[in-house]
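Peer 1: Just dropping this structure here.
The values are calculated or read from the model by the stated rules, or taken from the named source; none is laboratory data. As the structure is a computational prediction, the values presented were derived from the model and not from experiment. Heads up, the Cβs are rebuilt from the backbone with ideal geometry, glycines too, and the neighbour counts pull from every protein chain shown.
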């Protein structure tokens, strides 16, 4: 792990949602640094704040107060357009439900992030097919999600996450809909991506999955309450 400034640095993050007259405190002063090339698991009960934290470091949401720096630059106050550009170029997202477009082929699903940054059509196809090949899906480029197994769908989702070569991958319960054998295969893919230098932050409720990371961060009541090194 690099000894330079952390790639993700959260300082005293609070997030308060207003539900009618009630303030819901999702984060209560979270501070956490994640170094370049680290593989981190985040655990905690439902409502502990882990997904809120993931949304903030993924530039999908802003903290109510506190400072969030990505690659040394504070992004808490960036405009929506600037945040969208950061998400598209620096962060790859992988979700439990795969989030694939059902009427779109595997190749077209992987191409989506490149459409947003105006990559030419021919280049999009080339890079999408290369990403699918890396994920072991050669020959499946024209298959629709309904024609793929759950494990294959998650591989397409990972291909989509890495196609723009982001430095950070954020994974929210990436094995939640998969059986144990396929989960192990998916986690080996994450380990390989991490060995290639990508910083990975993963939410999981499964201890066996969390152990693939080098550090486990436990959230409770909107705070970091424990850190375990594997």
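Peer 1: Taking residue 185, is it closer than 23 Å to residue 53 by Cβ, surrounded by 14 or more Cβ atoms within 10 Å (Cβ to Cβ) and touching a residue at least 24 places away in the same chain (Cβ under 8 Å)?
Peer 2: Criteria not met by residue 185.
Peer 1: Go over the candidates 93, 98 one by one and state the one that is surrounded by 14 or more Cβ atoms within 10 Å (Cβ to Cβ), assigned to a loop (DSSP other than H, G, I, E, B), touching a residue at least 40 places away in the same chain (Cβ under 8 Å) and within 17 Å of the chain's Cα centre (by Cα).
Peer 2: 98
Peer 1: Hey, residue 119 hits all of (1) without any contact (Cβ under 8 Å) to a residue 12 or more places away in the chain; (2) at positive phi but one; which does it fall short on?
Peer 2: Result: residue 119 passes all but (2).
Peer 1: Taking the criterion of being without any contact (Cβ under 8 Å) to a residue 12 or more places away in the chain, more than 16 Å from residue 51 (Cα to Cα) and in a loop (DSSP other than H, G, I, E, B), would at least one residue in the range 195-211 satisfy it?
Peer 2: yes
Peer 1: Out of the residues in the range 128-147 that are outside any loop (DSSP other than H, G, I, E, B) and under 20 Å from the mean Cα position of the chain (by Cα), state the one that is modelled with the lowest pLDDT.
Peer 2: If we filter the range 128-147 for residues that are outside any loop (DSSP other than H, G, I, E, B), which is where we start, we get 128-134, 145-147.
Pick out the ones that are also under 20 Å from the mean Cα position of the chain (by Cα) and you get 128, 131-132, 134.
Working: 128: 96, 131: 95, 132: 96, 134: 92.
That would be 134.
Peer 1: Residue 49 fails exactly one of the following numbered conditions: (1) surrounded by fewer than 21 Cβ atoms within 10 Å (Cβ to Cβ); (2) more than 16 Å from residue 71 (Cα to Cα); (3) touching a residue at least 12 places away in the same chain (Cβ under 8 Å). What is the number of that condition?
Peer 2: Condition not satisfied by residue 49: (1).
Peer 1: Among the numbered conditions (1) in contact with a helix residue (DSSP H, G or I) (Cβ under 6 Å, 6 or more places away or on another chain); (2) touching a residue at least 40 places away in the same chain (Cβ under 8 Å); (3) under 16 Å from residue 201 (Cβ atoms), tell me where residue 71 comes up short.
Peer 2: Checking residue 71 against (1) in contact with a helix residue (DSSP H, G or I) (Cβ under 6 Å, 6 or more places away or on another chain); (2) touching a residue at least 40 places away in the same chain (Cβ under 8 Å); (3) under 16 Å from residue 201 (Cβ atoms), the one that fails is (1).
Peer 1: Still on this model: Looking only at residues in the range 74-90 that are in a loop (DSSP other than H, G, I, E, B) and touching a helix residue (DSSP H, G or I) at 6+ places or on another chain (Cβ under 9 Å), which one is modelled with the highest pLDDT?
Peer 2: Selected residue: 75.
Peer 1: Would you confirm whether any residue within the range 44-59 is over 30 Å from residue 175 (Cα atoms) and part of a loop (DSSP other than H, G, I, E, B)?
Peer 2: Scanning the range 44-59, I find no residue that is over 30 Å from residue 175 (Cα atoms) and part of a loop (DSSP other than H, G, I, E, B), so the answer is no.
Peer 1: For the subset of the range 21-43 comprising residues that are on the phi < 0 side of the Ramachandran plot and part of a loop (DSSP other than H, G, I, E, B), which member is surrounded by the fewest Cβ atoms within 10 Å (Cβ to Cβ)?
Peer 2: Per the stated criteria, the residue is 21.
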